[in-house]
Amino acid sequence: MSRSGAGVPAPDPLLCWKGRLVDAVIKGKIKGGAEAVVRPSRDAAEEAVRTLIAWAGDDPRRPGLIDTPQRVVDAYEEWFAGYRDDPIQYLSRTFDDVGGYDDMVMLRDIEVESHCEHHIAPFLGQACVAYLPTNAVVGISKLARVVEIFAKRLQTQETMTTQIAQTIELALKPRGVAVFIDAKHQCMTTRGVHHPNVSTITTHFMGEFRTDRELRERFLRLAGR
């Protein structure tokens with residue numbers, strides 16, 4: 001075994017990677033491991049909205065638009081509330097008295113309301129989340145809350161799917177985790193190629209869901225696929 005000092009084991013690369021992941025997940029750090037950006041003041045945010053209104057070709061001073069910057073910033077506070085929440089905290093309380101239950105725990109049709117990080121356009125759909133408990137289970141509403149926290153950030157669907165699965169794995173240490181998301185992206189339906197009926201499906205499997213094909217297929221059947 002390699003050592004980093006006298007009698008001190010070298011850090012486990014996997015644990016170090018997981019630590020960085022948790023840090024990024026909890027603190028909402030930007031990609032690449034850089035420190036979180038400084039949040040501008042509300043006045044600065046409202047002024048930015050006025051600039052965009054003027055750039056679009058309208059007058060932010062006219063009566064119908066006077067209060068729009070305030071409303072937009074209020075909406076942003078709701079749409080992106082996930083940056084202020086810690087998903088690990090919601091999974092920290094578990095229950096040991098499960099009567100020997102060791103099969104899949106699954107939530108279907110969790111509503112997903114998120115925004116594409118490329119155009120800040122909404123994408124809407126449903127998520128299905130499952131895990132195989134070891135010695136304890138978590139309250140089912142907390143799983144839905146984890147989905148909501150990651151959805152209420154600027155996202156790609158692929159990244160969000162992975163974040164949800166890895167957070168459940170890190171917090172609960174189950175035998176396996178499965179996540180399925182089906183969503184329609186308004187950056188594709190209302191602009192660009194204008195294909196309103198196209199949906200995007202993403203999945204992420206960990207542990208036994210990755211290695212056991214029958215278990216994975218059972219999850220997909222229960223998810224309606």
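Within the option set Thr94, Thr159, Thr134, being among the hydroxyl-bearing types (Ser, Thr, Tyr), at pLDDT 95 or above and either within 26 Å of Thr189 (Cα to Cα) or outside the structural domain of Asp43 (by TED's automatic domain parsing) (or both) holds for one residue only, Thr159.
There is no residue in the stretch 15-34 that is at pLDDT 95 or above and either in a helix (DSSP H, G or I) or of a type in the set (A, V, I, L, M, F, W, C) (or both). Checked against (1) under 30 Å from Phe219 (Cβ atoms); (2) surrounded by fewer than 17 Cβ atoms within 10 Å (Cβ to Cβ); (3) modelled with pLDDT under 95, Glu113 passes all but condition (3). Can you name the number of the only condition in (1) touching an Asp or Glu at 6+ places or on another chain (Cβ under 9 Å); (2) assigned to a helix (DSSP H, G or I); (3) of a type outside the set (Val, Ile, Thr) that Asp74 fails? Going through the list (1) touching an Asp or Glu at 6+ places or on another chain (Cβ under 9 Å); (2) assigned to a helix (DSSP H, G or I); (3) of a type outside the set (Val, Ile, Thr), Asp74 breaks only (1). Of the strands (runs of 3 or more DSSP E) lying entirely inside the stretch 94-209, those carrying at least 3 residues that are in contact (Cβ under 8 Å) with a residue 12 or more places away in the chain and hydroxyl-bearing (Ser, Thr, Tyr) are 200-207.
The values are calculated or read from the model by the stated rules, or taken from the named source; none is laboratory data. The shown structure was predicted, so the numbers you read here are calculated from the model rather than taken from an experiment. Note that we place each Cβ from the backbone using ideal geometry, even for glycine, and neighbour counts take in every protein chain shown.
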